[in-house]
Each structure stands twice: as structure tokens, then as C-alpha cells.
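Bear in mind these aren't lab numbers, they're just calculated from the coordinates by the rules spelled out. What you are looking at is a predicted structure, and each value in this text was computed from that prediction instead of being measured. Don't worry about glycine lacking a Cβ; one is built from the backbone with ideal geometry, like all the others, and counts go over all protein chains shown.
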Amino acid sequence: MTDEFNPQKNTYVLCHHGMRSMQVAKWLQSQGFRKVYNVAGGIHAYAVKADSSIPTY
């Protein structure tokens with residue numbers, strides 16, 4: 001799967017609340033990705049803080 005992404009570019013990872021994406025971000029880093037960013041709080045936090053048009057549940 002990692003061959004589908006460029007490890008030299010920024011890679012943002014997110015999930016619902018940010019815990020699974022944190023694990024994936026750590027794994028990507030272990031695979032040689034250096035510009036990996038976990039979206040803290042996930043899509044839920046993003047919806048609450050930045051874009052209220054995104055439904056939350």
C-alpha cells in the first residue's frame with residue numbers, strides 16, 4: 001500500500017476521533033514516511049472546530 005503514496009510529500013491521516021489514524025501515522029513513519037501528520041481529534045473535532053457543515057454523530 002505504501003507504494004501508492006510519495007513518502008517525500010505531506011501525508012495527512014484521519015479517522016473518526018483520531019486514535020486509529022495515530023496508529024497508522026506511526027506505522028507510516030516506520031515505513032519511511034517523514035512528513036506524516038495525524039489530524040488530532042479526527043473528523044469529529046474538525047467538524048466541531050472548523051466546518052460545522054460536516055455532520056457529527
Chymotrypsin sites (Phe, Trp or Tyr not before Pro) restricted to DSSP loop in the range 3-45 with at most 14 other C-beta within 10 Å:
Phe5
Rounded to the nearest 20 Debye, what is the dipole magnitude of the range 2-49 about its Cα centre when Lys and Arg each give +1 and Asp and Glu each give -1 at the C-beta?
180 debye
Lysines near Lys35 by alpha-carbon distance under 23 Å, same-chain residues fewer than 8 away left out - which ones?
Lys9, Lys26
For Val39 and Asn10, compute 0.36 nm times the residue count separating them, minus their Cα-Cα distance, and round to one decimal in nm.
9.2 nm
Using a 7 Å offset from the Cα along the Cα-to-Cβ direction at both Asp51 and Trp27, what is the distance between the two label points in nm, to one decimal?
2.4 nm
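For the chain, what is the mean residue ellipticity at 222 nm derived from helices alone (per DSSP H run of n ≥ 4: -39500 (n - 2.57); sum divided by total residues; nearest 500 deg cm²/dmol)?
Counting only the DSSP helices, I get -10500 deg cm²/dmol.
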Could you point to the label whose value was computed as semi-axes √(5λ) of the Cα gyration tensor in Å for the structure here, given (i) 43, 16, 7; (ii) 24, 11, 9; (iii) 17, 17, 9?
(ii)
For the chain, which trypsin sites (Lys or Arg not before Pro) pass both filters: DSSP loop (anything but H, G, I, E, B) and at most 12 other C-beta atoms within 10 Å?
Lys9, Arg34
The long-range amide H neighbours of His16, using H built 1.01 Å from N in the peptide plane and a cut-off of under 5 Å, are Ile43
Measure nothing but the geometry: give the 0 to 90° angle between the long axis through the Cα atoms of 19-30 and the longest principal axis through the Cα atoms of the chain, rounded to 10°.
20 degrees
Given a cut-off of under 8 Å on Cα pairs at least six residues apart, what relative contact order in percent is computed for the range 7-46?
54 percent
Taking amide H positions as placed in the peptide plane 1.01 Å from N, state which residues far from Asn38 in sequence (5 or more) or on other chains have amide H under 5 Å from it.
Val13
For the chain, modelled as a GNM with alpha-carbon contacts under 10 angstrom, which of Gly18, Gly41, Gly32 fluctuates the most?
Gly32
